[in-house]
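Shown next, in structure tokens, is the structure this report addresses.
The values are calculated or read from the model by the stated rules, or taken from the named source; none is laboratory data. If you're wondering where the values come from, they're calculated on a predicted model, not measured in any experiment. Here the Cβ positions follow ideal geometry from the backbone for every residue, glycine too, while neighbour counts run over all protein chains shown. SASA here: full protein model, heavy atoms, side chains in, ligands and nucleic acids out. Shrake-Rupley method; radii C 1.70, N 1.55, O 1.52, S 1.80 Å.
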Amino acid sequence: MTDDDCVRILREWCPRHGLRFEGFRRVRSQVRKRIGRRLVELGLAAVERYLERLEADPAEQLQLESFCRISISRFYRDRLVFDRLREAELPRLAREALESPQPKVRIWCAGCASGEEPYTIALLWSLELADRFPGCTLELSATDANAALIDRAHRGEYPAGSIRDLPAPFRSAFEIVGRTAILPVQFRSLASFSVADVRTVFPDRELDGIFCRNLPFTYFELEAQRRFLEAVDRILRPGGLLAIGAKEVLPGDHRFRESAPGTGLFVRSSE
Ligand SMILES: C[S@@+](CC[C@H](N)C(=O)[O-])C[C@H]1O[C@@H](n2cnc3c(N)ncnc32)[C@H](O)[C@@H]1O
């Protein structure tokens, strides 16, 4: 399967799945490899035959959609973003939570891959913030459409490279066995994971923070981005934190102001 073959398939099928072809520019090779393996499995030599199969077979269309879920992630991905979270935004949410009768910081990670992002938050919380904000708890939920990734999140076992960006005090929380970094259960138990599609399933409670980095605002077409943002508006409290990818852009008019330039961290305004 050549890159041109992959471009041909994505150009034709991304819009039919509500996805943006342009979002795949830098990460296409992951999709190309998956489709390439699928062609071998199906015994198809030419991309034309696969395009015919797609037209005729709705199950194959779903299969292709799953190939388009880019699963790149790692702990403390984007240092500036997590530095800002540690220094400013998570402490602010904890301070504000302490003003309520049942102090809780409620965070949802949408498109959480194998848990790298929610577990980074869990590590920051338990190793740095919990002691500074006694009485305040973290309620952390995380969802992804890919069940295999959610299984990996439950196991909490990662290739050693996944934790390379974590500052040393957080890295030392892991048990290293050969080339595998294992997150101990005391941290794993802080996050609850489930399989869900962010286009249709949202938490049914008010939240203080929503992380959706490197998913809707890169891969979804504009209309789906708008619908996602409307859902965020409904469930994120005024003053709540929205984390999108540092290079992503929110569509159209919205009620968010950036917490610090270039971080993708936004605060929902109160009106
Ligand atoms: C590029 S990763 C981003 C992971 C993490 N947020 C980060 O920034 O490091 C995108 C994740 O979104 C998931 N995903 C893709 N489409 C999805 C959908 N419609 N609903 C839920 N998760 C989805 C993929 O399986 C993948 O794990």
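Data overview
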{"quantity": "Matching residues in segment 176-197 - criterion: being open to solvent by 10 Å² or more (accessible area, probe 1.4 Å) and in contact with a Gly (Cβ under 7 Å, 6 or more places away or on another chain)", "calculated": "I182, R188, A191, F193"}
{"quantity": "Residues being outside any helix (DSSP H, G or I) and away from the ligand (no atom under 12 Å from the Cβ) - total across segment 179-220", "calculated": "17"}
{"quantity": "Residue that is within 16 Å of the ligand (Cβ to nearest atom) and among the polar types (S, T, N, Q), where the choices are S114, S126", "calculated": "S114"}
{"quantity": "Flag for L85 being more than 16 Å from the ligand (Cβ to nearest atom), over 20 Å from R199 (Cα atoms) and open to solvent by less than 80 Å² (accessible area, probe 1.4 Å)", "calculated": "no"}
{"quantity": "Single residue of segment 132-151 satisfying the filter (in contact (Cβ under 8 Å) with a residue 60 or more places away in the chain and of a type in the set (S, T, N, Q)) that is nearest to the ligand (Cβ to nearest atom)", "calculated": "N146"}
{"quantity": "Filtered residues of segment 140-175 (kept if crowded, with 17+ Cβ neighbours inside 10 Å and charged (D, E, K, R))", "calculated": "D144, R152, D165, R171"}
{"quantity": "Residue list for segment 255-271, filter: farther than 25 Å from F24 by Cα and assigned to a loop (DSSP other than H, G, I, E, B)", "calculated": "R255, S259, A260, S269, S270, E271"}
{"quantity": "Subset of segment 221-250 (residues that are open to solvent by less than 10 Å² (accessible area, probe 1.4 Å) and either in a loop (DSSP other than H, G, I, E, B) or free of Cβ contacts under 8 Å to residues at least 12 places away in the same chain (or both))", "calculated": "I244, G245"}
{"quantity": "Scope segment 15-26; condition surrounded by 15 or more Cβ atoms within 10 Å (Cβ to Cβ) and free of Cβ contacts under 8 Å to residues at least 60 places away in the same chain; matching residues", "calculated": "H17, F21"}
{"quantity": "Unique residue being open to solvent by 10 Å² or more (accessible area, probe 1.4 Å), in contact with a Gly (Cβ under 6 Å, 6 or more places away or on another chain), away from the ligand (no atom under 12 Å from the Cβ) and farther than 23 Å from P184 by Cα when the list is P58, P103", "calculated": "P103"}
